[in-house]
Amino acid sequence: MTRIAFPTGFVWGAASSAYQVEGAAAEDGRGESIWDRFARTSGKIVDGSTGDVACDHYHRFAEDVALMKELGLGAYRFSIAWPRILPEGKGPVNQRGLDFYSRLVDALLAAGVAPWATLYHWDLPAALSDLGGWTNRDVAAWFADYAALVGRALGDRVKHFMTLNEPQVFTIFGYLTGDHAPGLVDLPGYLRASHHANLAHGKAVQALRATASRSQIGIVEQIFPIHPLSANDADRAAAGRVDGLFNRWFLDPLLKGGYPDDMLRLLSFLPLPAEPGDAEIIAEPIDFIGVNHYTRQFARHDAELPLFEFQVDLAHREPGSDYTQMGWEVHAPSFGEVLARLRDDYGNPLVYVTENGAATLETVEPNAVHDPARRAYLESYLVELHAALAEGSRVGGYFVWSLTDNFEWAFGYTKHFGVIRVDYETQRRIVKDSGRWYASVTRENGFSL
Ligand code: GCO
């Protein structure tokens, strides 16, 4: 038997996001978000659902906090819905929105669960989208004002803030492929959106330093290793471009002080919306970097796609590998690769794994859910994390995605990531087998293989 033991003080948590769990979409003065609009647009969500009710966490948070305590969680990563606090995105403050998060934070602290708050997990106020959303440079100042408000309201109790969740995902899928809100396909718009997201992060760090000076501040990035589909030069170069667009375009300005040269060259025919001084703001020092990681991707050369000339081959199946219900390969060594890259290429920053998990097959019984594939996934990824620690990576904690099943964006309620099941008819919660196993890991600070 091998014991996988984690360092003393390692943070064990679970993560969620506002639009995916809260529901109460029109309550207590919450404004409309781009996801409310997108989900209501026919054909955008596979099961035609919305986050109007979701897990009804807005009303059931006390029960959810009790479940966190039952799982022995040391921390809960949730997001704050910008349109609950500022229904129009800027201007009048909705006190009832702030009060909700204040109650949630107090309940967490009373249960011994540290609140980790993300300021933006994709639910941009619709009123700001009408002004251009992330393509409008003013969004950086709007976001900083919102961050300051939250810092002032919660900074006395929230000791960890994250600015943005996955700027690569919400700008690429929101403005380049159109799969996520606001559903646009617009390369120049994407370029502006991505730069403004990076800039908004930097300005929000400054705003939080000024208003929540005792809190630790970070950002959350989704990092995929991009592997070439074959060893030929064209495919390897294509994989490098996908990596540039998806990973380095966001990590480099944050941790290396500027955009990667190869990508600047590729995009040089478009005006880069950067102004003097932006690079310094984006590289504002942070206390940690949040890493979301699920799987790797394969890329190949494809001249059909102008400019980028790559294709991410989502249909590729690696012989011998298992795949989740999302069609994502279970491949823990890629997780090790991500952690090693941050250690070796990016100065070994303090990392928290802010999301990792899987939508898997599960057997539902009246009072139990058997999900051995999820447990196996989590176990293999945690073994890899443990090995990275031994190699010198500075990883301070791990948050499973997700606490409960929830609204999986364009997939609606068809994919289940929770370690707790939600029966959407009754809103009943059932801790899955993987959740019981995770509770033993949090209590013992490790597990045996
Ligand atoms: C993310 C998404 C989550 C998803 C999860 C599974 O941060 O990647 O924010 O909201 O639900 O990744 O796809």
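The values are calculated or read from the model by the stated rules, or taken from the named source; none is laboratory data. The structure presented is a predicted model; accordingly, all values stated were derived computationally and were not measured. Counting neighbours? That spans all protein chains shown, and the Cβs are built from the backbone with ideal geometry, glycine included. The protein model used for the area step is the full one, side chains on, heavy atoms only, and it has no ligands, DNA or RNA in it. Shrake-Rupley method; radii C 1.70, N 1.55, O 1.52, S 1.80 Å.
Quick notes
- Residues of segment 187-214 that are farther than 30 Å from ARG300 by Cβ and either β-branched (Val, Ile, Thr) or open to solvent by 10 Å² or more (accessible area, probe 1.4 Å) (or both): LYS203, VAL205, GLN206, ALA207, ARG209, ALA210, THR211, SER213, ARG214.
- Here the condition is being away from the ligand (no atom under 16 Å from the Cβ) and in a loop (DSSP other than H, G, I, E, B); of ARG37, ARG30, it holds for ARG30 alone.
- Segment 360-373 - residue that is in a loop (DSSP other than H, G, I, E, B) and either open to solvent by 50 Å² or more (accessible area, probe 1.4 Å) or among the aliphatic types (A, V, I, L, M) (or both) and, of those, nearest to THR295 (Cα to Cα): LEU361
Here is a yes/no grid of residues against (1) within 17 Å of the chain's Cα centre (by Cα); (2) farther than 18 Å from THR354 by Cα:
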| position | (1), (2) |
| --- | --- |
| TYR377 | no, no |
| GLU384 | no, no |
| ALA388 | no, no |
| SER393 | no, no |
| PHE399 | yes, no |
| LEU403 | yes, no |
| PHE411 | yes, yes |
| GLN427 | no, yes |
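- Any chance SER16 is buried (at least 24 other Cβ atoms within 10 Å of the Cβ) and at pLDDT 95 or above: yes
- Enumeration of residues in segment 210-250 that are part of a helix (DSSP H, G or I) and within 16 Å of the ligand (Cβ to nearest atom): PHE246, ASN247, PHE250
- Of all residues in segment 275-314, those satisfying the criterion of being out of contact with any Gly (no Cβ under 9 Å at 6 or more places or on another chain) and exposed (fewer than 14 other Cβ atoms within 10 Å of the Cβ) are GLU275, PRO276, GLY277, PRO285, ALA303, GLU304, LEU305, PRO306, LEU307.
- Counted residues, segment 234-258 - those being open to solvent by 10 Å² or more (accessible area, probe 1.4 Å), within 17 Å of GLY347 (Cβ to Cβ) and under 22 Å from the mean Cα position of the chain (by Cα): 5
- Residue count, segment 112-134 (criterion: within 16 Å of the ligand (Cβ to nearest atom) and among the β-branched types (Val, Ile, Thr)): 1
- For segment 215-233, the condition holds for no residue, the condition being that it is crowded, with 22+ Cβ neighbours inside 10 Å, within 23 Å of ALA193 (Cα to Cα), modelled with pLDDT of 95 or more and more than 21 Å from the chain's Cα centre (by Cα).
- Per-region count, segment 86-121, residues under 23 Å from the mean Cα position of the chain (by Cα), in a helix (DSSP H, G or I) and within 12 Å of ASP28 (Cα to Cα): 3
- Residue in segment 331-339 that is open to solvent by 30 Å² or more (accessible area, probe 1.4 Å) and assigned to a loop (DSSP other than H, G, I, E, B) present: yes
- Candidates ILE289, ILE281, filtered to the one that is closer than 29 Å to PHE411 by Cβ, in contact with a helix residue (DSSP H, G or I) (Cβ under 9 Å, 6 or more places away or on another chain) and not in a loop (DSSP other than H, G, I, E, B): ILE289
- Selection within segment 135-175 - more than 16 Å from the ligand (Cβ to nearest atom), assigned to a helix (DSSP H, G or I) and open to solvent by less than 10 Å² (accessible area, probe 1.4 Å): VAL139, ALA140, PHE143, TYR146, ALA147, VAL150, GLY151, LEU154, TYR175
- Residue that is nearest to the ligand (Cβ to nearest atom), among those in segment 343-359 that are open to solvent by 20 Å² or more (accessible area, probe 1.4 Å) and on the phi < 0 side of the Ramachandran plot: TYR352
- Taking the criterion of being away from the ligand (no atom under 16 Å from the Cβ), touching a residue at least 60 places away in the same chain (Cβ under 8 Å) and acidic (Asp, Glu), the only residue of segment 389-441 that qualifies is ASP433.
- Only one of ALA376, ALA387 that is open to solvent by 50 Å² or more (accessible area, probe 1.4 Å) and farther than 28 Å from PRO115 by Cβ: ALA376
- MET1 falls short on exactly one of the conditions (1) of a type in the set (A, V, I, L, M); (2) within 16 Å of the ligand (Cβ to nearest atom); (3) open to solvent by 60 Å² or more (accessible area, probe 1.4 Å), and that condition is (2).
- Listed by first and then second residue, the pairs with beta-carbon distance under 9 Å, at least 6 apart or on different chains, first residue in segment 345-364 and without any contact (Cβ under 8 Å) to a residue 12 or more places away in the chain, second charged (D, E, K, R), are ASP345/LYS256; THR363/ASP371.
- The single condition among (1) among the β-branched types (Val, Ile, Thr); (2) more than 23 Å from the chain's Cα centre (by Cα); (3) surrounded by 24 or more Cβ atoms within 10 Å (Cβ to Cβ) that ILE80 does not satisfy is (2).
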